[in-house]
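Single-structure report; data block below.
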Amino acid sequence: MKSILVYFFIISSLMNIKSTAQNVVPLYKNSEAPVEERVEDLLSRMTLEEKIGQMNQFVGIEHIKAAEVSLTEEQLKSNTANAFYPGFSIDDLENLTKSGLVGSFLHVLTIEEANYLQSLAMKSRLQIPIIFGIDAIHGNANAPDNTVYPTNIGLASSFDADMAYKIARQTAKEMRAMNMHWTFNPNVEVVRDPRWGRVGETYGEDPYLVTRMGIQTVKGYQGDLNGENDVLACIKHFVGGSEPINGTNGAPADLSERTIREVFFPSFKAGVNAGAMSLMMSHNELNGIPCHSNDWLMTDVLRKEWGFEGFIVSDWMDIEHLYDLHATAENLKEAFYQSIMAGIDMHMHGIHWNELVLELVKEGRVPESRIDESVRKILAIKFRLGLFEHPFADEEFTMKIRLNPEHRQTALDAARNSIILLKNDGILPLSEKYKNVLVTGINANDMNILGDWSAIQKDENVITVLEGLKMISPNTRFEFVDQGWDPRNMLPEKVNEAAEKAKCVDLNIVVAGEYMMRFRWTERTCGEDTDRSDIDLVGLQNELIEKVAASGKPTILILITGRPLGVEKAVEKVDALVQAWEPGMYGGQAIAEILYGKVNPSAKLPVTIPRSVGQIQMIYNHKPSQYFHPYVVTSSEPLYSFGYGLSYTTYKYENLRLSGLEISKDENIEVNVDVTNTGKMDGVEIVQLYLRDKFSSTTRPVKELKDFTRVALKAGETKNVHFTITPDKLMLFDKDLKPVVEKGEFIVMVGSSSRDEDLLKESFYVK
Ligand code: BGC
């Protein structure tokens, strides 16, 4: 029977039957036909209006309702994080969906709403399913009742690309279980400015680390992009927004093509090569041209140079911003024109697209073939994801997948591996002798450990720091002095109360940092659109630390934050510093396990921590002349260096060996080193390999990470760690921006951080 059907489908396609006749199943609905044929068949049946609709996205109904309730119309106009379509009702949106004029929704947060909107699309003439997009940045955390893993900066601190893959795979399953098909992650931007509020959603400052994490994340989400457990990845934001001229999100980026190619392109190119089938443009202008109308980026580089075959989506209202912000288009229609002709494929989001793009095509300014190009790519993904066969998710089954024990365990493991010990005067791990412990600080007992890009989750699914401490050390008496969640509105009397209590206990734990939760959009201090002109602790937090530490009792500082904080003064006052980032649902447990030595910390910094805002730009992989004339009065050294992080054991590096002294340009070099756990506790060491091209035709960084690995070592154990340096790792862009490997000396550095004192060095020569 099946083969007869297949035969029928093939014949009908050969005859190009545009099937409106009853009983004839159109080719595009045949799941066994090749995707390309299904796409062409469907495209041939679509009206121009339907095609343009496929290129458009809307926010979901509940999102609109929530925005309407919580903000005034005036606020809605200027608040780009909420969506509202003046003069356009929810009925209008439903009718548009039923008419097959909406291609995608975003910010739909429940399976019920997703299935409902999909049921509307299924009433349309051609029944083209909706693709639902969501910012599943660290788990599908933006929607309630999903596993919340650490944010990307924490994940990067584990230097564990396999973990990135695993989390992405699990996230894909949780997404599909609630009818979500497309995640706006990984963010593969390279961070160059901690004032920028979005550091937490990136993998840090090193292009190689970002690249390795990004590749595995893309692969984890997409699988073979063919099954019911796969979702579409979206590498973003292209490009330069992570080095905004003043640190604020969406501000201009003014970057040389050399910097763009050396620093910002590699992770995107690698994402494309890893098979990412969607990409999001960046809010900012790049060297005077907004990214959303930048044909060099979209067409020349992405399509022609890199052969990107997926579709390009705009970021939130950014095509509109060509007109109402960048002012490079005189009106909306011109903005749509510029963006489409530069290469955009899908519009996030809004009501004017369908009408104005239709006019542009009818006027002959945008060829219909250009529309077809974009629609083909979007439809191909919908077919590959099986949406035509499985437009709905099972509401009965959904909670069997989401938050399942395996996923919860991964969230805990990832948190354990993401927390960095930066200072330890010997107090950690804590012994049972501290019977009475003061716990205080804005993040001591708050869900804020979930981080940016997370909805409020049920209490029972989050372990706060205080809860974690009680759980891991049940015999200790923890006294909690609540400082509220809001760093900007701390009360002096609460600070004083903590200072008084500190005198009566054996130990103080201050859990400080920033506030990231999205539901308090205008009150937070870190996250998207939440940039700072300094990197100090906000509010009375420094005072709290100072006063508590003045008790003379040992004090531990834990930082919950999505960006590096210049906590130099606070660090001097405390006995230990733990950088916990945004550790996710089990963050409190993982922190407590580390404090009490149940887990030996292993994570390392994926970003440099400057002492002050004045040191910015402070990156480890700077050019040789950066500190030729160091700062006067203040230090030119970072507070903590890239790759740095302590453990409860010690590691010794010996016998750095290279396979040769001289190689030709296309040969590999094998690197071996012995690493010994010289302490008393088992641990995991993150072994890092850096390179420096000693003399070169264009300037090169003083060192660049080129490889890393996590090595588990029992107390006393030695392991040989092996790396291969392949020729691509020696590449630079010459004066004409051509990639070349130049002859001469290369210095190999292997060790436990990017600091010179932590590295063994050997040289080899390229002939
Ligand atoms: C952000 C994107 C995000 C989009 C949808 C924008 O404001 O810049 O990263 O994917 O919103 O939520």
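Name the one entry in D666, D674 that is under 27 Å from L421 (Cβ atoms), outside the structural domain of I153 (by TED's automatic domain parsing), in contact (Cβ under 8 Å) with a residue 40 or more places away in the chain and over 31 Å from the mean Cα position of the chain (by Cα). I'd like the intermediate steps shown before the answer.
Details: D666 fails: under 27 Å from L421 (Cβ atoms).
Testing whether each residue is under 27 Å from L421 (Cβ atoms), outside the structural domain of I153 (by TED's automatic domain parsing), in contact (Cβ under 8 Å) with a residue 40 or more places away in the chain and over 31 Å from the mean Cα position of the chain (by Cα) leaves just D674.
Quick one: in region 694-720, which of the residues that are aliphatic (A, V, I, L, M) and in a loop (DSSP other than H, G, I, E, B) is farthest from Q626 (Cα to Cα)? Can you show your working first?
Residues of region 694-720 aliphatic (A, V, I, L, M): 702, 705, 711-713, 715.
Applying the additional criterion that residues be in a loop (DSSP other than H, G, I, E, B) yields 702, 715.
Values: V702: 10, A715: 40 Å.
That would be A715.
Please enumerate the residues belonging to region 360-388 that are among the hydrophobic types (A, V, I, L, M, F, W, C) and either part of a loop (DSSP other than H, G, I, E, B) or touching a helix residue (DSSP H, G or I) at 6+ places or on another chain (Cβ under 6 Å) (or both). I'd like the intermediate steps shown before the answer.
If we filter region 360-388 for residues that are among the hydrophobic types (A, V, I, L, M, F, W, C), which is where we start, we get 360-361, 366, 371, 375, 378-381, 383, 385, 387-388.
L360, V361, V366, I371, V375, I378, L379, A380, F383, L385, L387, F388 - these are the residues of region 360-388 that are among the hydrophobic types (A, V, I, L, M, F, W, C) and either part of a loop (DSSP other than H, G, I, E, B) or touching a helix residue (DSSP H, G or I) at 6+ places or on another chain (Cβ under 6 Å) (or both).
Could you check Y653 against (1) over 30 Å from the mean Cα position of the chain (by Cα); (2) surrounded by 19 or more Cβ atoms within 10 Å (Cβ to Cβ); (3) among the aromatic types (F, W, Y) and say which number it fails?
So the condition that Y653 fails would be (2).
Can you spot a residue in region 622-636 that is surrounded by 20 or more Cβ atoms within 10 Å (Cβ to Cβ) and under 26 Å from the mean Cα position of the chain (by Cα)? Talk me through it step by step, then tell me what you get.
Step one: of region 622-636, the residues surrounded by 20 or more Cβ atoms within 10 Å (Cβ to Cβ) are none.
Within region 622-636 (the criterion being surrounded by 20 or more Cβ atoms within 10 Å (Cβ to Cβ) and under 26 Å from the mean Cα position of the chain (by Cα)), the answer is no, since none of the residues qualifies.
Quick check: anything in region 219-237 under 19 Å from D135 (Cα atoms), touching a helix residue (DSSP H, G or I) at 6+ places or on another chain (Cβ under 9 Å), more than 16 Å from the ligand (Cβ to nearest atom) and among the aliphatic types (A, V, I, L, M)?
Among the residues of region 219-237, at least one is under 19 Å from D135 (Cα atoms), touching a helix residue (DSSP H, G or I) at 6+ places or on another chain (Cβ under 9 Å), more than 16 Å from the ligand (Cβ to nearest atom) and among the aliphatic types (A, V, I, L, M), which makes the answer yes.
Suppose the filter is in contact with a Gly (Cβ under 6 Å, 6 or more places away or on another chain) and either farther than 30 Å from R408 by Cα or buried (at least 24 other Cβ atoms within 10 Å of the Cβ) (or both); does A156 pass it?
Yes; evaluated as a whole, the condition is true for this residue.
Restricting to region 199-218, name every residue that is in a loop (DSSP other than H, G, I, E, B) and within 13 Å of the ligand (Cβ to nearest atom).
Residues of region 199-218 that are in a loop (DSSP other than H, G, I, E, B), as a first pass: 202-206.
Within region 199-218, just T202 meets the criteria.
Quick check on this structure: which one of S267, S278 is in contact with a strand residue (DSSP E or B) (Cβ under 6 Å, 6 or more places away or on another chain) and within 16 Å of the ligand (Cβ to nearest atom)? Step through it out loud before you land on a result.
On the way: S267 fails: in contact with a strand residue (DSSP E or B) (Cβ under 6 Å, 6 or more places away or on another chain).
Exactly one residue qualifies, and that residue is S278.
Just checking, how many residues over region 320-339 are in contact with a strand residue (DSSP E or B) (Cβ under 9 Å, 6 or more places away or on another chain) and closer than 17 Å to E373 by Cβ?
Residues in region 320-339 being in contact with a strand residue (DSSP E or B) (Cβ under 9 Å, 6 or more places away or on another chain) and closer than 17 Å to E373 by Cβ: 3 in total.
If we keep just the residues of region 164-198 that are among the aromatic types (F, W, Y) and under 21 Å from A380 (Cα atoms), which is farthest from the ligand (Cβ to nearest atom)? Give the steps one after another, and end with the answer.
The first filter runs over region 164-198 and keeps only residues among the aromatic types (F, W, Y), leaving 165, 182, 184, 196.
Those still in the list that are under 21 Å from A380 (Cα atoms) too: 182, 184.
Values: W182: 10, F184: 3 Å.
Filtering region 164-198 for residues that are among the aromatic types (F, W, Y) and under 21 Å from A380 (Cα atoms), the one farthest from the ligand (Cβ to nearest atom) comes out as W182.
Look at region 721-746 and say how many of its residues are in a loop (DSSP other than H, G, I, E, B) and of a type in the set (D, E). Give the derivation first.
Of the residues in region 721-746, the ones in a loop (DSSP other than H, G, I, E, B) are 726, 731, 734-738, 741-743.
If we keep only those that are of a type in the set (D, E) as well, we get 734, 736, 742.
Count: 3.
Would it be correct to say that S763 is part of a strand (DSSP E or B), of a type in the set (S, T, N, Q), under 23 Å from N668 (Cβ atoms) and modelled with pLDDT of 95 or more? Give the steps one after another, and end with the answer.
On the way: part of a strand (DSSP E or B): yes; of a type in the set (S, T, N, Q): yes; under 23 Å from N668 (Cβ atoms): yes; modelled with pLDDT of 95 or more: yes.
So S763 passes the test.
Report the residue count in region 635-656 for those that are farther than 20 Å from D682 by Cβ and of a type in the set (F, W, Y). Full working, then the answer.
Applying the first criterion (farther than 20 Å from D682 by Cβ) to region 635-656 yields 635-644, 655-656.
Remaining after also requiring of a type in the set (F, W, Y): 640, 642, 644.
Residues meeting the conditions: 3.
Can you pull out every residue in region 115-142 that is small (G, A, S) and within 16 Å of the ligand (Cβ to nearest atom)?
Step one: of region 115-142, the residues small (G, A, S) are 119, 121, 124, 133, 136, 139, 141.
Listed by number, the residues that qualify are G133, A136, G139, A141.
Please name all residue pairs, on different chains or six or more residues apart, with Cβ atoms under 6 Å, provided the first residue is in region 107-135 and is at positive phi and the second residue is within 16 Å of the ligand (Cβ to nearest atom).
Hits for this filter: H107/V59; H107/G60; H107/H63.
Condition first: among the polar types (S, T, N, Q), modelled with pLDDT of 95 or more and surrounded by 15 or more Cβ atoms within 10 Å (Cβ to Cβ). Now tell me which residues in region 79-104 satisfy that. Steps first, answer last, please.
Here is the first cut: in region 79-104, the residues among the polar types (S, T, N, Q) are 79-80, 82, 89, 95, 97, 99, 104.
Narrowing the set further to residues that are modelled with pLDDT of 95 or more leaves 95, 97, 99, 104.
T97, S99, S104, listed by residue number.
Let's see how each residue does on (1) farther than 26 Å from W581 by Cβ; (2) at pLDDT below 95; (3) not in a helix (DSSP H, G or I):
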| residue | (1), (2), (3) |
| --- | --- |
| K470 | no, no, no |
| N475 | yes, no, yes |
| F480 | no, no, yes |
| E493 | yes, no, no |
| E497 | yes, no, no |
| A512 | no, no, yes |
| E523 | no, no, yes |
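Of a type in the set (A, V, I, L, M, F, W, C) and either crowded, with 22+ Cβ neighbours inside 10 Å or more than 19 Å from K433 (Cα to Cα) (or both), is that true of V462? Explain how you work it out, then say what you get.
Details: of a type in the set (A, V, I, L, M, F, W, C): yes; either crowded, with 22+ Cβ neighbours inside 10 Å or more than 19 Å from K433 (Cα to Cα) (or both): yes.
Yes; evaluated as a whole, the condition is true for this residue.
Going through T522, T530 one at a time, which residue ends up being out of contact with any strand residue (DSSP E or B) (no Cβ under 8 Å at 6 or more places or on another chain) and surrounded by fewer than 14 Cβ atoms within 10 Å (Cβ to Cβ)? Before the answer, list the steps.
Details: T530 fails: surrounded by fewer than 14 Cβ atoms within 10 Å (Cβ to Cβ).
Selected residue: T522, the only one of T522, T530 that is out of contact with any strand residue (DSSP E or B) (no Cβ under 8 Å at 6 or more places or on another chain) and surrounded by fewer than 14 Cβ atoms within 10 Å (Cβ to Cβ).
Kindly indicate whether A512 is more than 16 Å from the ligand (Cβ to nearest atom), of a type in the set (G, A, S), surrounded by 24 or more Cβ atoms within 10 Å (Cβ to Cβ) and farther than 23 Å from I420 by Cα.
Details: more than 16 Å from the ligand (Cβ to nearest atom): yes; of a type in the set (G, A, S): yes; surrounded by 24 or more Cβ atoms within 10 Å (Cβ to Cβ): yes; farther than 23 Å from I420 by Cα: no.
No; evaluated as a whole, the condition is false for this residue.
Can you tell me which residue among D315, D300 is within 16 Å of the ligand (Cβ to nearest atom) and among the charged types (D, E, K, R)? Before the answer, list the steps.
Working: D300 fails: within 16 Å of the ligand (Cβ to nearest atom).
Every option except D315 fails the conditions.
Has region 565-579 got at least one residue that is in contact with a Phe, Trp or Tyr (Cβ under 9 Å, 6 or more places away or on another chain), part of a loop (DSSP other than H, G, I, E, B) and at pLDDT 95 or above?
Among the residues of region 565-579, not one is in contact with a Phe, Trp or Tyr (Cβ under 9 Å, 6 or more places away or on another chain), part of a loop (DSSP other than H, G, I, E, B) and at pLDDT 95 or above, which makes the answer no.
Just to check your reading of the model, which residue among A177, A156, A121, A114 is under 20 Å from the mean Cα position of the chain (by Cα) and in the same structural domain as H352 (by TED's automatic domain parsing)?
On the way: A177 fails: under 20 Å from the mean Cα position of the chain (by Cα); A121 fails: under 20 Å from the mean Cα position of the chain (by Cα); A114 fails: under 20 Å from the mean Cα position of the chain (by Cα).
The conditions single out A156.
Go over the candidates T649, T676, T634 one by one and state the one that is assigned to a loop (DSSP other than H, G, I, E, B) and in contact with a strand residue (DSSP E or B) (Cβ under 7 Å, 6 or more places away or on another chain).
Working: T676 fails: assigned to a loop (DSSP other than H, G, I, E, B); T634 fails: in contact with a strand residue (DSSP E or B) (Cβ under 7 Å, 6 or more places away or on another chain).
Being assigned to a loop (DSSP other than H, G, I, E, B) and in contact with a strand residue (DSSP E or B) (Cβ under 7 Å, 6 or more places away or on another chain) holds for just one of T649, T676, T634, which is T649.
Which of the residues that make up region 539-572 are crowded, with 23+ Cβ neighbours inside 10 Å, farther than 20 Å from S418 by Cβ and aliphatic (A, V, I, L, M)?
The answer is L544, I545, V548, A570.
Yes or no: I669 touching a strand residue (DSSP E or B) at 6+ places or on another chain (Cβ under 7 Å) and under 23 Å from I556 (Cβ atoms)?
Working: touching a strand residue (DSSP E or B) at 6+ places or on another chain (Cβ under 7 Å): yes; under 23 Å from I556 (Cβ atoms): no.
So I669 does not fit the description; no.
Can you tell me which residue within region 431-444, out of those that are part of a loop (DSSP other than H, G, I, E, B) and surrounded by fewer than 23 Cβ atoms within 10 Å (Cβ to Cβ), is modelled with the lowest pLDDT?
Narrowing region 431-444 to residues part of a loop (DSSP other than H, G, I, E, B): 431-435, 441-444.
Next, from what is left, pick out any that are surrounded by fewer than 23 Cβ atoms within 10 Å (Cβ to Cβ): 431-435.
On the way: S431: 93, E432: 85, K433: 94, Y434: 98, K435: 97.
Among those that are part of a loop (DSSP other than H, G, I, E, B) and surrounded by fewer than 23 Cβ atoms within 10 Å (Cβ to Cβ), it is E432.
The values are calculated or read from the model by the stated rules, or taken from the named source; none is laboratory data. The structure presented is a predicted model; accordingly, all values stated were derived computationally and were not measured. All Cβ positions, even for glycine, are placed from backbone atoms using ideal geometry, and neighbour counts span all protein chains on display.
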